[in-house]
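The values are calculated or read from the model by the stated rules, or taken from the named source; none is laboratory data. None of the values given here were measured: they were computed from a predicted structure. Backbone-built Cβ (ideal geometry, glycine too); neighbour counts: all protein chains shown.
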Amino acid sequence: MPTTPPADPFATEAVDGLRGGNAASVRATAHALARVDSAAAVLLVEGISDQIALETAARCRGRDLVAERVVILPIGGAHAIGRFLTRLTPLTPRPRLVGLCDVREEEVFRRGLERSGLGAPRTRAEMARFGFEVCVDDLEDELIRALGTVRVEALLDAHGDLRLYRSFQSQPAWRDRAPEAQLWRFLRSSSRRNLRYARLLVEAAVARDTLPRPLDALLTAV
């Protein structure tokens, strides 16, 4: 399957290494905020990797989120959720607000929902009914489990990263760890690699019809 670039040009910059780090995140957030007033739905995510994953999944399924007026808004970390919800809830008409977080940030998102007046979910199932999904443990972990370690390693091989990964595996701190943990750390050890494989892993998961449930549920919700 050919690689499809994300819709957000600043997320693209981050993947391509043109402008990485915080600058790309700030630009991506500003670009999304400029479109929320006319949005039918806003998907709040912690960072650019989540944004790229969702954009890629939508495009692989033949959806055009821009035409559908669906905005994916990277908020720059879970602790900003309350501030962004407070900013978005007064919009008239208010877009459908949904979101995605890692399991370790689940409670932060719950408090944000409650403080913004959107609801007071007490369980993960209640959060899902409000349209907020939780990755266990995080996006990378969900994608590794969805594809399996053998297929993830094959993807690394196809994109020229397997030799570097084998070198990483031989490091004393990691050589005795489980393959899932090794892959997780390798993917997250470089921000550019992390963003690149957010796209590639999702493409592979959609092709195999194994897209992780949190991503699938969010796209279904909008």
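Given the structure, is R35 at pLDDT 95 or above, surrounded by 14 or more Cβ atoms within 10 Å (Cβ to Cβ) and not β-branched (V, I, T)?
Yes: the conditions hold for R35.
From the list D141, D137, D209, D216, which one is of a type in the set (D, E, K, R) and buried (at least 19 other Cβ atoms within 10 Å of the Cβ)?
D141
Kindly establish whether A146 is surrounded by 13 or more Cβ atoms within 10 Å (Cβ to Cβ), small (G, A, S), touching a residue at least 12 places away in the same chain (Cβ under 8 Å) and in contact with a strand residue (DSSP E or B) (Cβ under 9 Å, 6 or more places away or on another chain).
It is false that A146 is surrounded by 13 or more Cβ atoms within 10 Å (Cβ to Cβ), small (G, A, S), touching a residue at least 12 places away in the same chain (Cβ under 8 Å) and in contact with a strand residue (DSSP E or B) (Cβ under 9 Å, 6 or more places away or on another chain).
Scanning for something outside any loop (DSSP other than H, G, I, E, B), under 29 Å from A125 (Cβ atoms) and in contact with a strand residue (DSSP E or B) (Cβ under 8 Å, 6 or more places away or on another chain), does segment 176-197 turn up at least one residue?
No, the conditions are met nowhere in segment 176-197.
Have a look at R104, R63 and point out the one that is charged (D, E, K, R) and in a loop (DSSP other than H, G, I, E, B).
R63
Those residues that are surrounded by 16 or more Cβ atoms within 10 Å (Cβ to Cβ) and among the charged types (D, E, K, R), I need them from segment 75-120; list them, please.
D102, E105, E106, R110
Within segment 167-179, identify whether any single residue is over 15 Å from D50 (Cβ atoms), buried (at least 19 other Cβ atoms within 10 Å of the Cβ), in contact (Cβ under 8 Å) with a residue 12 or more places away in the chain and of a type outside the set (D, E), and answer yes or no.
Checking segment 167-179: not a single residue is over 15 Å from D50 (Cβ atoms), buried (at least 19 other Cβ atoms within 10 Å of the Cβ), in contact (Cβ under 8 Å) with a residue 12 or more places away in the chain and of a type outside the set (D, E).
For segment 93-117, what are the residues that are among the acidic types (D, E) and free of Cβ contacts under 8 Å to residues at least 40 places away in the same chain?
Scanning segment 93-117 gives E106, E107, E114.
Would you be able to say whether some residue in segment 151-158 is surrounded by 14 or more Cβ atoms within 10 Å (Cβ to Cβ), at pLDDT 95 or above and part of a loop (DSSP other than H, G, I, E, B)?
no
Filter segment 28-51 for residues that are in contact (Cβ under 8 Å) with a residue 40 or more places away in the chain and in contact with a Phe, Trp or Tyr (Cβ under 7 Å, 6 or more places away or on another chain); which is farthest from A217 (Cα to Cα)?
A28
What are the residue pairs meeting all of these: first residue in segment 118-129, first residue at positive phi, second residue in a helix (DSSP H, G or I), Cβ atoms under 6 Å, and 6 or more apart or on different chains?
From segment 118-129, the pairs are G119/L113.
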